[in-house]
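Each value in this text was obtained by applying a stated rule to the coordinates, not by laboratory testing. Note that the structure is predicted; figures quoted are calculated from it, not measured. With ideal geometry, Cβ positions are generated from the backbone for all residues, glycine too; neighbour counts draw on all protein chains shown.
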Amino acid sequence: MGKYSEALDEFNKSIEVEPTYDVAWNNKGWALFALGRNNDALTCFDRALELNPKYENALNNKALVNITLEKYDEAKVYINSVLEMNDKSYSAVLFNGILLWKSKKYEEALAWIDKAITINPNLSKGYYYKAKVLEETSSYRDALMNIDKSLEIEPDSILFHTTKAHTLILSGSYQEALTEYEIFCVAHPTIEICNGRGYALEMLGRNDESLIAYQDTLSKDPSNEYARNGKIRMLKKVESF
């Protein structure tokens, strides 16, 4: 998060010098989005579009924020605006695939995501979202193949590693899933990673270690229902010995 805060400061300085610089407003919006300040980000993208109504990056960014906010109809408006100008915009094509996935139109979603990947073969998020669609249709082997392609492009991505681990869990490959979770469990012990690690350990019958993993989650988020239920299960198993 630190790098985005620093970038935000730089973009603010640019805007102070040149208030009508559309690129600075767009970049400020992206930094705010990365910091989780979605509404502030939208305000910046709006300003960029006031200055340049056909600014493709700002339109795509507005679509992405609206997808994040689950405002899919609004996102569709911006996606269509981009595709009318440039049907080779891999971001807009990908976002359209995401909307179709959210609507559970899986075949159409895969077709659009594949189109985005064809336009940009190094689109790591393209392979990632293709994996998510395939995972949802229980096509775990194909999902893992695609998340591995994402990792070839971005090998240090926590998102891609945790997604791979989750897919391995769903496919019943618990030891492999545990290996993925443990890559980041020390340096990046997020709630998702701690819970996923706890579940993998539970499925492997390593109850004491699973209990510790769930307790680790609860130390960060005492109200986490998934970890609380996991802890209850593990306590019952440990006490039964």
Any chance you could tell me what percent of the C-alpha pair distances in the chain go past 29 Å? 42 percent
For the chain, what does the helix formula give at 222 nm: sum of -39500 (n - 2.57) over DSSP H segments with n ≥ 4, over the residue count, nearest 500 deg cm²/dmol? -25000 deg cm²/dmol
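When a/c reaches 1.5 or more, the comparison of a/b and b/c decides; with that in mind, is the range 167-241 rounded, prolate or oblate per its Cα gyration tensor?
Values: a/c = 1.82, a/b = 1.13, b/c = 1.61.
The shape class here is oblate.
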With eigenvalues of the C-alpha gyration tensor scaled by 5 and rooted, the range 111-206, Å: 25, 15, 9
Test of understanding: ordering 98, 15 by Cβ neighbours within 10 Å, fewest first, what list do you get? 15, 98
Most exposed first by the Cβ proxy, i.e. fewest other Cβ within 10 Å, how do 185, 44 rank? 185, 44
Helix 56-68: angle to the longest alpha-carbon principal axis of the chain, degrees 0 to 90, nearest 10? 30 degrees
Compute the distance in nm between two label points, each set 7 Å from the Cα along the Cα-to-Cβ direction, one at residue 74 and one at residue 212. 4.6 nm
Can you spot the aspartates and glutamates whose alpha carbon is less than 20 Å from residue 28's alpha carbon? Ignore those fewer than 8 places along the same chain. 6, 9, 10, 16, 18, 40, 46, 50, 56
Along the positive direction of the dipole of the chain (beta-carbon charges: Lys, Arg +1; Asp, Glu -1; about the Cα centre), which of 7, 196, 33 reaches farthest? 196
Listed pairs 71/125; 13/76; 104/231; 71/231 exceeding 31 Å between Cα atoms: 13/76; 104/231; 71/231
